[in-house]
1. Looking at the structure I just gave you, is G341 more than 26 Å from G100 (Cβ to Cβ), in contact (Cβ under 8 Å) with a residue 24 or more places away in the chain and touching an Asp or Glu at 6+ places or on another chain (Cβ under 9 Å)?
2. For the range 382-404, state whether one or more residues are in a loop (DSSP other than H, G, I, E, B), touching a Leu at 6+ places or on another chain (Cβ under 9 Å) and either in the same structural domain as D18 (by TED's automatic domain parsing) or surrounded by 22 or more Cβ atoms within 10 Å (Cβ to Cβ) (or both).
3. Looking at this structure, is T85 closer than 23 Å to G366 by Cβ and either at pLDDT 85 or above or not assigned by TED's automatic domain parsing to the domain that holds T209 (or both)?
4. Take the range 661-699 and flag every residue that is touching a Cys at 6+ places or on another chain (Cβ under 6 Å) and without any contact (Cβ under 8 Å) to a residue 40 or more places away in the chain.
5. How many residues does the range 271-308 contain that are part of a loop (DSSP other than H, G, I, E, B) and either among the basic types (K, R) or buried (at least 20 other Cβ atoms within 10 Å of the Cβ) (or both)?
6. Somewhere in the range 7-20, is a residue in the same structural domain as A229 (by TED's automatic domain parsing), of a type in the set (D, E, K, R), closer than 26 Å to R611 by Cβ and within 19 Å of the chain's Cα centre (by Cα)?
7. Take the conditions of a type in the set (D, E, K, R) and within 20 Å of the chain's Cα centre (by Cα) and apply them to R400. Does it pass?
Amino acid sequence: MTAPPILLAVDIGGTFTDLVALDLESGRVIVEKLLTTYPDPSGAVLAGVRDLLEKSGLAPGSIRYVVHGTTLITNTLIERKGAKTALLATAGFRDAVEIGNEGRYDMYDLALKKPPPLAERRLRYDLPERMLADGRVWRPLDEARLREICAELRAEGIEAVAVCFLHAYTNPAHELAALEILGEQLPAVSISVSHQVAPGMREYPRASTTIANAYVQPIAERYMERVAAGLKASGIDAPLNIMLSSGGTTTVDAARAFPVRLVESGPAGGALAGLYWGRLLGQRDVLAFDMGGTTAKAALTRAGELAISHQSEVAHVHRFKRGSGLPLMVPMIEMIEIGAGGGSIAHLNALGLPAVGPQSAGSAPGPAAYGLGGCEPTVTDADLLLGYLNPDYFAGGDIRLDTAAARQSFAELSAALDLSLDGMAWGVHQLVNENMAAAARVHAAERGLEIRRYCMVATGGAGPAHACGVAAGLGISKIIIPPLAGVGSAFGFLTAPIAFDFTRSYVARLDALDLAELNKILAELEREGRRIVEAAGVPSPEITVRLNIDMRYVGQGYEVRVPFPMERLSANHIARMRRVFEDEYRAFYGQLADGVPIEAVNWRVLISGPRPIIESARPDATPNSCDEPVAFRPVAFRPVRFDADQAPQDTPVYRRERLGRAWSAAGPLIIEEAASTTIVPPGWAAQVAEGGCLLLTKGNAKMESAHVW
């Protein structure tokens with residue numbers, strides 16, 4: 001008998017590593033969750049794979065496809081534990097990454113600190129060469145000086161080199177020549193060139209992105225080799241694809257070449273899961289809220305799709321201050337880090353006020369309640385003290401929570417503020433919720449979106465426990481808790497298409513476009529993208545190609561992204577470009593700049609395969625198909641605090657896998673499952689919907705178009 005085909009997704013988080021296996025024939029989903037291992041997270045990945053195969057009885061040979069997302073790249077950049085990296089820049093421009101731009105992320109901070117470059121100044125080299133903005137050579141590359149620099153790099157023990165020459169995105173000839181010489185002189189060194197990593201205008205972010213790519217490349221290569229070898233040793237001989245920050249997956253070879261594109265690979269899965277479950281229940285306007293052990297992130301859909309950004313930051317000096325991080329020019333789902341995770345540490349800030357994060361207890365030692373040596377108060381400890389978590393059923397009972405240790409961790413903090421332990425725990429829980437709601441509110445307002453009409457999809461181990469608190473702060477009255485909420489990011493990986501995109505800066509007014517040159521550029525981008533996507537296993541007829549153009553009025557500093565058909569451009573397309581730009585510009589700004597010429601700046605080509613079809617996904621622990629009332633009874637009652645001024649209420653506790661299709665109830669109540677706990681406070685109601693989702697509604701809210709069993 002032939003084994004059914006299985007898809008396997010693996011997500012490494014700051015605290016937990018999640019694995020999800022999907023049987024494509026039956027829709028059965030198997031889940032495994034374990035603590036992330038440090039300093040090498042591949043240990044948890046391979047141990048999790050072995051445990052999942054053993055517990056489920058799956059044959060390793062039945063796994064047809066593996067997709068993997070990781071926080072390794074982000075952590076390497078944040079902790080600055082990457083390779084010893086040098087920068088080769090056009091003469092006079094080696095300090096561009098230190099000068100940055102004129103913006104101050106906090107204009108009132110007289111002691112403002114900017115993130116130091118990943119390549120220290122003594123390892124940044126000026127190289128005589130100069131390319132003009134139109135691609136003409138003004139000064140040839142000094143190859144003799146480059147060979148001298150190579151000798152210095154060998155003496156320094158350099159592990160990675162970033163090459164970023166002025167205007168290389170227009171004409172990469174000098175970077176290609178430098179790449180060839182560096183490859184000859186330094187064969188064991190990783191080399192990143194800007195026209196391949198970030199082929200766009202704006203010198204500072206382009207150089208910063210190229211350095212970041214070089215900085216993490218050796219570590220990424222070694223890590224992916226260990227994972228691939230470990231999977232093969234387990235008997236899994238399936239293609240391994242890597243999750244990209246943009247919501248697509250790609251081959252290991254492409255990920256090795258551009259590891260900086262994996263910076264937000266884990267959170268991208270949470271956003272995709274939110275999109276998937278929202279669509280299943282007929283919701284187009286979705287706030288994907290993913291709260292794990294270390295951070296909480298959110299993404300908003302626009303017209304039923306996730307927005308893609310090509311400007312972001314990493315390794316912030318101040319975690320929630322835009323402009324305090326290293327800029328990156330890579331495509332990623334537009335997300336915002338809105339708050340802390342379950343392992344984030346509560347403390348008093350410099351003003352003596354309570355704060356949570358950004359420091360996290362992670363998986364080692366973890367929250368105090370884990371009993372693994374942690375002693376500082378965390379969000380998880382607070383939730384345990386409030387009665388939200390079951391100490392005997394956390395992570396399905398694999399982790400027994402120590403309530404006494406949680407209380408002890410809050411003793412010093414509560415004494416400093418003259419609050420009871422329960423009052424301090426309630427304050428931490430509420431502070432986290434309000435911080436997340438405030439960040440999401442600002443994010444939506446900046447984009448002109450009315451967040452109150454959105455439906456929240458809550459995922460992550462801590463997401464369902466905080467969803468109602470965050471939603472109340474946003475005025476959201478509809479929440480979806482998917483059946484795989486605790487491993488939402490890993491499940492989201494399974495919904496991601498194989499995809500890759502390329503960008504090229506080509507700046508010209510619409511009335512002066514060189515269409516022959518432009519068509520040549522677009523053909524090159526499409527050809528390279530097809531090569532990568534086909535290498536990942538997508539047949540050529542199934543590949544789709546999309547074009548987006550960054551456009552602006554002449555004289556403006558930033559652009560509006562405009563979707564446009566991917567076809568050979570002719571003079572007839574110019575008027576259409578203008579109309580589409582004006583439609584997008586008016587929608588964003590409310591008015592046009594009549595009489596001002598329009599110019600195109602960046603041309604972005606996305607090449608992707610079909611989105612995987614997994615509509616039949618059915619977790620091992622699905623709601624009962626029967627409607628017997630006995631199945632709906634609470635398994636226990638426990639005292640839970642829902643208000644600072646009221647005593648804890650004796651609250652019914654349900655097991656999610658026992659709830660049938662006809663079940664509904666009004667809060668307060670708690671719904672437990674192996675990977676997460678859903679809190680339904682007073683004033684909210686819960687019911688079971690299609691796919692085993694839980695629908696939480698506040699007051700008289702109704703789930704329009706939702707499919708309720």
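1. No: the conditions fail for G341.
2. yes
3. no
4. Hits for the range 661-699: nothing passes.
5. Here the count works out to 6.
6. Yes, the conditions are met somewhere in the range 7-20.
7. For R400, the condition - of a type in the set (D, E, K, R) and within 20 Å of the chain's Cα centre (by Cα) - is not met.
The rows are residues; the columns are (1) in contact with a Leu (Cβ under 8 Å, 6 or more places away or on another chain); (2) in a loop (DSSP other than H, G, I, E, B).
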{"site": "Y558", "(1), (2)": "no, yes"}
{"site": "M566", "(1), (2)": "yes, yes"}
{"site": "S570", "(1), (2)": "yes, yes"}
{"site": "A575", "(1), (2)": "no, no"}
{"site": "A587", "(1), (2)": "no, no"}
{"site": "L592", "(1), (2)": "no, yes"}
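The values are calculated or read from the model by the stated rules, or taken from the named source; none is laboratory data. If you're wondering where the values come from, they're calculated on a predicted model, not measured in any experiment. Cβ coordinates were reconstructed from backbone atoms using ideal geometry, including for glycine residues, and neighbour counts include every protein chain displayed.
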